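Notes for the one structure printed next.
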Amino acid sequence: MKKSFFILAMSTFMAGFVFTSCKTNVEKEADAVENVQDAKEDLNEVRNEAVADTVAQSNNSEWEAYKTQAQASITANEARIADLKKEINKVGSKLDASYKKNVDALEQKNMALKAKIDGYKASNQSDWDSFKREFDSDMTKLGDAFKNLTVNNEK
C-alpha cells in the first residue's frame, strides 16, 4: 500500500512538474526577443568601450608628442635665460636692474610652464583641448616676452 501510494504521489508530482515547466511558443518567443535585446545592448556597450579606448590611446600618443615638443621648447627657453644671465654678469655691461628683473620674471614663467606640463594628467578630450589651447597661449606669450626683452635691449 505504501509503495503504490508513493508511486501515485511520484507520478502526480512528475506530471505536474512536466506541465508547469513547459512553455508555450509565445513565452519562448518572448524569451528569445528579450535575449536578442540583451545581446544588442551588450554589443553596444562593447562598441562604446572600444571607441573610448581608441580615443584614449589616440589622446595618449598625441599627449606624449605634445609633451616632448613642449619640454624641448622649455629647455630652449632655459638655455636662452642662461645666456641672458651671462650677459647681465659681464663686466662692463650696461644692463640695468629692470632688465635683470625681466629676465628673472621670464625664468619664473618658464618654470611655471614646466611644472604645468609635468603635472598635467589628461582626464578627457575637452580637458585636453582646453589645456593645449591655454598652454600654447602661455608659450606664445613667453616667446613674445623674450622677443620684447631683446628689442628693449637693442634700443
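Can you find, within region 128-155, the residue that is most open to solvent (accessible area, probe 1.4 Å) among those that are basic (Lys, Arg) and at pLDDT 65 or above? Of everything passing the filter in region 128-155, ARG133 is most open to solvent (accessible area, probe 1.4 Å).
Evaluation of VAL91 against the conditions (1) at pLDDT below 85; (2) within 37 Å of the chain's Cα centre (by Cα) shows that the sole unmet condition is (2). The set of residues in region 24-66 being among the β-branched types (Val, Ile, Thr) and either surrounded by 10 or more Cβ atoms within 10 Å (Cβ to Cβ) or within 30 Å of ASP127 (Cβ to Cβ) (or both) consists of VAL33, VAL36, VAL46, VAL51, THR54, VAL55.
Being assigned to a helix (DSSP H, G or I) and at pLDDT 90 or above is the requirement here; does THR75 meet it? So THR75 passes the test.
In this structure, GLN125 qualifies as modelled with pLDDT under 80, under 25 Å from ASP53 (Cα atoms) and under 27 Å from the mean Cα position of the chain (by Cα).
The values are calculated or read from the model by the stated rules, or taken from the named source; none is laboratory data. Only a predicted model underlies this, so the values are computations on that prediction, with no experimental measurement involved. Neighbour counts are summed over all protein chains in view; Cβ atoms, including those assigned to glycine, are modelled from backbone coordinates with ideal geometry. Remember, those area values only see protein heavy atoms, side chains included, never the ligands or the DNA or RNA. Shrake-Rupley method; radii C 1.70, N 1.55, O 1.52, S 1.80 Å.
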